[in-house]
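> My questions all concern the structure below.
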Amino acid sequence: MDFFAGLQFRTEAYLTWRRRRLRMKREKQKAKNPVIDWLEAFVWAAGVVLLVNQYIFQAYQIPSGSMIDTLLIGDRIFVNKLVYGPELLPGIGKVPSPILPKRLQVVIFENPSYLSRGPAFDIAQRILYMLTLSLVDIDRDEAGQPRAHFLIKRAVGMGGDTLKTVRGDLYFRFPGETAWTSEKDYKSAIGNDYHVSRLMAPAEYPALMAAGRRDGYADIGLPASTADSLAAAESSTIRYPDYIAYEAARLEVLRSAFPQDRRYSEMLARHTQGWYVPEGRLFPMGDNRDNSRDARYFGPVKFKKVLGQAMFIYWPLNRIGKIR
């Protein structure tokens, strides 16, 4: 009987303490300034948004046409940041993940060509960007355009691959193989018909390559042939030229003029032999091949620089859907 009496006493004491605590909490709540209530609610909500954006899903806005038609300018998307391991803090450290990027996934990564304004600015910019769900981006150039701190592309090449372009068309040489496989044949073989956009017509290549040869001769102080000069004049009308093909034609002239200079041979080899992708890296390219600054210009990207996988478009409403 003493046991039950003691239990009843403790229970009543606890309930009394709990009622007193709730009453005091309500009194404090009544006395609190409503402005402080709003501030506390805002800080709490902002904290939740930051945690979700930093470690799970982050909202991004597509600033350029490099992924047309997969992603359009102004599309707002969610990126899965948990899958490859999120950063501990914006721009600082990275949580290891057993999951690695896979071929043909659309990924977001740090732009290797980006020039930082300092860690304090980078952190402030990324926090504001996350808090506003990509609506506010203070990282802009002199013309008011967003600076490309992060890029979103398709991981077309993986470690061990060699890739090259021939008149803008992509070819793979996979590890252990000697033959080249066209991107068209590869997509057909795996049943993944992701869309590749081309803005430069095949008929425009002769004029573009003639312009490359003309400029190569100009670099060494010699006149180009009449045929190249006439053809090159048409290149000025090409709105989206394939600069890779142009540069290959120019370097061919320079290598022929200076065969003893290894620089030109090495630079030309990138175009004739392709780009090799080391292990632990991927080769990202835009689906809009003639309007994308990608790994063809800055080389393969380390896995640790990949921040997440693009999952789905949430705005505009008529484009809601999974990103493939």
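The values are calculated or read from the model by the stated rules, or taken from the named source; none is laboratory data. All values reported here derive from a predicted model rather than from experimental measurement. Note that each Cβ is placed from the backbone with ideal geometry, even for glycine, and that neighbours are counted across all protein chains shown. Calculation scope for accessible area: heavy atoms of the full protein, side chains included, ligands and nucleic acids excluded. Shrake-Rupley method; radii C 1.70, N 1.55, O 1.52, S 1.80 Å.
> In the chain, carbon and sulfur make up what percent of the accessible area (probe 1.4 Å)?
Whole-percent figure for carbon plus sulfur exposure: 60.
> Still on this model: So how strong a dipole does segment 12-96 carry about its Cα centre when Lys and Arg Cβ are +1 and Asp and Glu Cβ are -1, to the nearest 20 debye?
960 debye
> In the Gaussian network model of the chain, springs joining C-alpha atoms below 10 Å, which of Glu279, Glu142, Glu183 carries the largest mean-square fluctuation?
Highest fluctuation among the options: Glu142.
> While we're here: Roughly how many nanometres apart are two label points built 7 Å out from the Cα toward the Cβ at Arg239 and Arg18?
Simple spin-label model gives 7.1 nm for this pair.
> If the only charges are +1 at each Lys and Arg Cβ and -1 at each Asp and Glu Cβ, what is the size of the charge dipole of the chain around the Cα centre, to the nearest 20 debye?
Its charge dipole is roughly 1800 debye.
> Where the centroid of each part is defined by its Cα atoms, how far is segment 242-292 from segment 71-102 in Å?
Using only Cα atoms, the two centres lie 30 Å from each other.
> Calculate, for the chain, the solvent-accessible area per residue in square angstrom, rolling a 1.4 angstrom probe over the heavy atoms of the protein chains.
58 Å²
> While we're looking at this one, here's another question. Using +1 at the Cβ of each Lys and Arg and -1 at the Cβ of each Asp and Glu in the chain, identify which of Leu307, Met158, Ala207 lies farthest towards the dipole's positive end.
The Cα lying farthest towards the positive end belongs to Leu307.
> Checking the table Lys94/Lys164; Lys164/Lys187; Lys187/Lys322; Lys153/Lys322; Lys184/Lys302 against a 24 Å threshold on Cα-Cα, which pairs fail?
Too far apart for the 24 Å limit: Lys94/Lys164; Lys184/Lys302.
> List the extent of the Cα atoms of segment 250-324 along each of their three principal axes, largest first, rounded to whole Å.
Sorted from largest, the Cα extents of segment 250-324 read 58, 27, 15 Å.
> Once the Cα gyration tensor of the chain is found, what semi-axes does its equivalent ellipsoid get, as square roots of 5 times the eigenvalues, in whole Å, sorted largest first?
Those come to 57, 22, 18 Å.
> What figure in square angstrom, to the nearest 10, would you give for the accessible area of Ile127 with a 1.4 Å probe?
60 Å²
> Which of the chymotrypsin sites (Phe, Trp or Tyr not before Pro) across segment 94-140 are loop residues per DSSP, with 16 or fewer other Cβ within 10 Å?
In loop regions of segment 94-140 (DSSP not H, G, I, E or B), the sparsely surrounded chymotrypsin sites (Phe, Trp or Tyr not before Pro) are Tyr114.
> Would you mind telling me the antiparallel percentage of the DSSP bridges in the chain, rounded to 5?
Of all bridge pairs located within the chain, approximately 95 percent are antiparallel.
> Let me check something: with ligands and nucleic acids excluded, how do Lys187, Lys302, Lys81 order by accessible area (1.4 Å probe), largest to smallest?
Ranking Lys187, Lys302, Lys81 by accessible area, largest first, yields Lys302, Lys187, Lys81.
> Stretched out fully, how many nm does the piece from Ala143 to Ala124 gain, at 0.36 nm a residue minus the Cα gap?
Difference between extended and current length: 4.8 nm.
> In whole Å, what are the Cα extents of segment 139-249 along the three principal axes, biggest one first?
Largest to smallest, the principal-axis extents are 47, 44, 25 Å.
> Further, regarding this structure: Say the dipole of the chain comes from +1 at the beta carbon of Lys and Arg and -1 at that of Asp and Glu; which of Val35, Phe121, Leu100 then lies farthest toward its positive end?
Result: Val35.
> How far apart, in nm, are the 7 Å Cα→Cβ label points at Thr226 and Ile73?
4.3 nm
> As an exercise, use a Förster radius of 41 Å and the Cβ-Cβ distance of Gln61 and Thr181 to find the FRET efficiency, rounded to the nearest 0.05.
FRET efficiency, Gln61 to Thr181: 0.70.
> Further question on the same structure: Efficiency by 1/(1 + (r/R0)^6): what FRET value for Lys302 and Glu40, r their Cβ-Cβ distance, R0 = 45 Å, to the nearest 0.05?
0.60
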